[in-house]
Amino acid sequence: MFSDYLLNILAILILLIIAEKFISINRIKKARKYFKYFTGIEKIGGFAEVHPYFHFSGNKEGESVLLIHGFSASSSEFRFLVEEMKKKNITYYAPMLTGFGIDDFHLLQKIKYNDWLRDVVYGYDLLKQISSKISVVGHSMGGLLALHLASMREINKIVLTSPYLVIKDDHKWGSRLIRNRYIWNLLSYFNPVLSKEGSKNASKLEMMGTSRRFAIPVFPLSIVRELWSLLEDLNYERIKRNEVLIICGKNDTTVIPEEVRKLLAERKFEYIYTEFRNSGHNLLEEKERGEVISRIIEFIN
């Protein structure tokens with residue numbers, strides 16, 4: 001009788017594994033429909049719309065700006081900002097963070113947050129060879145990476161747009177769960193693929209794709225764990241900074257502005273704050289983007 005009980009448990013576990021694999025495969029299959037809205041480059045597994053942005057003003061005594069994009073997104077988040085920066089002849093570099101902006105998920109399955117930190121440190125060091133001062137603009141997770149960078153390098157000015165600095169209340173339980181070593185050892189065997197809220201149906205995928213904003217619609221659970229580890233390991237006391245500007249959208253549901261400000265107040269972190277009442281999380285691309293971009297360039301200059 002006991003052996004029958006064990007067999008039933010084993011059968012349930014096998015069914016759960018099969019179901020999880022099927023769901024993950026199905027999510028990836030649906031996500032590939034999103035890629036058709038972009039110009040694929042088969043030889044490199046990338047897309048014409050997704051690439052590093054770089055412009056050199058020709059002035060080595062001037063200031064350069066490192067642009068760091070957000071989680072699951074790409075340098076295309078800055079496509080409107082770099083247009084204006086180029087008009088102002090500001091030197092900038094917007095690297096692609098490892099694992100994002102490609103047509104496959106093999107890198108994301110093994111990514112560590114150190115890979116993203118390495119990307120931004122190398123980006124900074126590259127700009128330092130042609131500029132005397134470096135400022136940083138980081139969006140969402142890019143803002144979190146910008147603060148990590150500021151603990152390792154000297155940064156002139158920091159701009160954080162919709163910075164991901166606080167885990168939302170409805171995610172905290174999940175964060176504690178997957179950051180538990182024993183639970184993660186079990187979950188990592190499955191490493192299920194998660195789907196972004198906007199990718200549940202074809203119309204939402206189409207809307208995302210036709211906006212020309214490239215952000216992968218599905219991703220493995222493991223990189224969410226890396227994101228939360230990156231957040232947990234930020235040491236505010238080690239951050240070296242001059243001036244910090246934080247810009248948020250009042251309608252942001254990914255990053256809650258009030259929670260960010262409360263956290264920074266607790267850390268006694270000084271900054272200048274601007275909020276746009278008609279913008280959400282992607283304020284660099286939404287209808288108030290002109291004002292947002294003007295505020296960033298004004299601050300940097």
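Please treat every number below as a calculation from the coordinates, not as lab data. Just so it is clear, the structure is predicted and the values come from calculations on it, not from any experiment. Glycine also receives a Cβ, built like all others from the backbone with ideal geometry; neighbour counts cover every protein chain displayed.
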Problem set entry | Magnitude of the charge dipole, the chain, Cβ model with Lys/Arg +1 and Asp/Glu -1, debye to 20 | 320 debye
Exercise. Shape of the chain from its Cα gyration tensor (a ≥ b ≥ c, root eigenvalues): rounded if a/c is under 1.5, otherwise prolate when a/b > b/c, or oblate?
Worked result: prolate
Problem set entry | Furthest towards positive pole of dipole, TRP228, TYR113, GLY40, structure part the range 9-300, Cβ charges | GLY40
Exercise. Percent antiparallel among DSSP beta bridges with both residues in the chain, to the nearest 5?
Worked result: 30 percent
Problem set entry | Projected label distance in nm at ILE44 and SER229, using a 7 Å step from Cα toward the beta-carbon | 2.9 nm
Exercise. What whole number of Å gives the distance from the Cα centroid of the range 63-96 to the Cα centroid of the range 220-279?
Worked result: 19 Å
Exercise. Let a ≥ b ≥ c be the square roots of the eigenvalues of the Cα gyration tensor of the range 111-201; is it rounded (a/c under 1.5), or, if not, prolate (a/b larger than b/c) or oblate?
Worked result: prolate
For this session: May I have the count of lysine pairs in the range 55-187 with C-alpha atoms under 16 Å apart, counting pairs 8 or more residues apart or located on different chains?
Result: 6
For this session: May I ask you to order 242-253, 158-169 by the average number of other C-beta atoms within 10 Å around their residues, highest value first?
Result: 158-169, 242-253
